[in-house]
């Protein structure tokens, strides 16, 4: 049953007891399972000539991953006692957007990656044309889900989600970052250039995920800005830590080709700062993400734990 | 200045005198010029590593085309005295969505087309990775434009546009149609399969364009359905006529490779119905599109003329 709360949004089946410091690993796993189920429901297999397309979309999105972006949407929305179902839908939407970017980035003309999460990448499992189309349709589906009233009863909230996702993922965001990444191959980029590259390529979508939770919760401008800053710093910490992992862990551990960026002549944080310097930078960014949450109480402990997790993870 | 009209939407600078039978060619040209200017404004060149991306997006969308979809949005919105600026923005949005589909369809792993409107296709003028990213970002931008309050002051109208565009262009629409097209290469499809393929691949987006005008004009359900039926039949007529052109006109005339579909082993309306049969089918569909407008007065004469135009055009 849906009823109004003091925060001004319907609470539906808001999760009780989410206000104490959680066991992050268990919570990540539980959210990932909920997101997996939602994606499975939102992308049912179809018959006909387009069956292969939907099969490829499911292949690219189902079957794991950390679901960091979807987790962020859900956990930030939970700060405001938002309805769980809408947050899971918006979380599934951002995971589809993210999956589309991975499918296209893995293509032969881009990063030419044969492995993704230890499995053949989508164009290897299917074919190049199917992978391009599956990525295209996953992007579309991400917007379709946000536009559906089941995500939030208020049209204003839904259109804010659409505008924020489009801003984060287009030429001025994620896709622009991928272009900068391709353009930068084979030449040395300075630190500010590498920072901007990653702020666009991965940072903007992670920041969006935090903002999406705030939009779902109809947070005020100040809180939305704080959560946006948290998402920005978390995303930056995540990327620097990713470079460290890429330089130090095995392909088996990562489930993807290791050392790929250095081989491709890409400028990495590790190349610019050294391993220890990059580790210290990731720590600094995670601490700043934590600091951005200073206006929130223990209900944000899951988000605080996440900031630690992104710099301590081993894959 | 924007003020309310009896139709319930702000009229802004609605165009006076659009109620008499227009000279369609001149009107198409005038609308195409307005759409071109809008796209130029909405996609300004940028500096930095992503400059090449935006350059490719501009290359893929500027410089002509019939602008049939954008024209439809504007002309249907004009039936309801909608504000011109919002209709032009929504028209530019659907033209970007259409352009993204052409960029991706032309890729080597898809239709492998070197020419588009007599010019090198985007991946030939730039490179494959840039073309994939430019298509990706054009899709995103189409949704970004719809989500912007400058397109319509009412969030409900904007989210309906987003939902309708996503429904028309994803796995259950345009991209699904492209997948069916690829899957059908080299084997004989029956007429109902070919009809469904095109209803998805090109029909749904043309139908969306008519519906978008109705959404902008806050048309009631009955009128929206009539205009949707018009768009559906117009799109079908357009595609059958396209097959006839592909079989009968030269590459020079078309500005793209002629006879390509037959060479690729695709089942065409001409292959199934013969030239004369396909011409008659296009006429029948155009007449049905005209019939769908029977509830409208002379203000819809431009749309009626368009139904004639799509079956009589020579490129």
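Specify which of the listed residues (A:186, A:213) is farther than 22 Å from residue A:79 by Cβ and more than 10 Å from chain B (Cβ to nearest Cβ).
Testing whether each residue is farther than 22 Å from residue A:79 by Cβ and more than 10 Å from chain B (Cβ to nearest Cβ) leaves just A:186.
Taking the criterion of being surrounded by fewer than 24 Cβ atoms within 10 Å (Cβ to Cβ) and at the interface with chain B (Cβ under 8 Å from one of its Cβ atoms), would at least one residue in the range A:197-208 satisfy it?
No; the residues of the range A:197-208 include none that is surrounded by fewer than 24 Cβ atoms within 10 Å (Cβ to Cβ) and at the interface with chain B (Cβ under 8 Å from one of its Cβ atoms).
Looking at (1) surrounded by 18 or more Cβ atoms within 10 Å (Cβ to Cβ); (2) at pLDDT below 95, which is the one condition that is false for residue B:307?
Every condition holds for residue B:307 apart from (2).
For the range B:40-97, enumerate the residues that are within 21 Å of residue B:174 (Cα to Cα) and within 13 Å of chain A (Cβ to nearest Cβ).
Listed by number, the residues that qualify are B:57, B:60, B:61, B:93, B:96, B:97.
Considering (1) more than 18 Å from residue A:71 (Cα to Cα); (2) at pLDDT 95 or above, say which one residue A:94 fails and leave the rest.
Result: residue A:94 passes all but (1).
The rows are residues; the columns are (1) in contact (Cβ under 8 Å) with a residue 12 or more places away in the chain; (2) closer than 23 Å to residue B:180 by Cα.
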residue	(1), (2)
A:44	no, yes
A:65	yes, no
A:69	yes, no
A:79	yes, no
A:103	yes, yes
A:110	yes, no
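Say whether the condition of being crowded, with 24+ Cβ neighbours inside 10 Å, more than 9 Å from chain B (Cβ to nearest Cβ) and modelled with pLDDT of 95 or more is met by at least one residue in the range A:122-145.
Yes, that holds for at least one residue.
In the range B:131-150, how many residues are within 18 Å of the chain's Cα centre (by Cα) and closer than 16 Å to residue B:77 by Cβ?
Result for the range B:131-150: 2.
Kindly indicate whether any position in the range B:91-110 is within 18 Å of the chain's Cα centre (by Cα) and not in a helix (DSSP H, G or I).
Yes, the range B:91-110 has at least one match.
Using the structure shown, decide if residue B:194 is more than 7 Å from chain A (Cβ to nearest Cβ), over 24 Å from residue A:170 (Cβ atoms) and buried (at least 20 other Cβ atoms within 10 Å of the Cβ).
On the way: more than 7 Å from chain A (Cβ to nearest Cβ): yes; over 24 Å from residue A:170 (Cβ atoms): yes; buried (at least 20 other Cβ atoms within 10 Å of the Cβ): yes.
It is true that residue B:194 is more than 7 Å from chain A (Cβ to nearest Cβ), over 24 Å from residue A:170 (Cβ atoms) and buried (at least 20 other Cβ atoms within 10 Å of the Cβ).
Give the number of residues within the range B:152-163 that are buried (at least 24 other Cβ atoms within 10 Å of the Cβ) and more than 8 Å from chain A (Cβ to nearest Cβ).
2
State all residues of the range B:165-180 that are crowded, with 24+ Cβ neighbours inside 10 Å and more than 7 Å from every other protein chain (Cβ to nearest Cβ); if no residue qualifies, say none.
B:165, B:168, B:173, B:174, B:177
The values are calculated or read from the model by the stated rules, or taken from the named source; none is laboratory data. No experiment lies behind these values; they were computed from the predicted model shown. With ideal geometry, Cβ positions are generated from the backbone for all residues, glycine too; neighbour counts draw on all protein chains shown.
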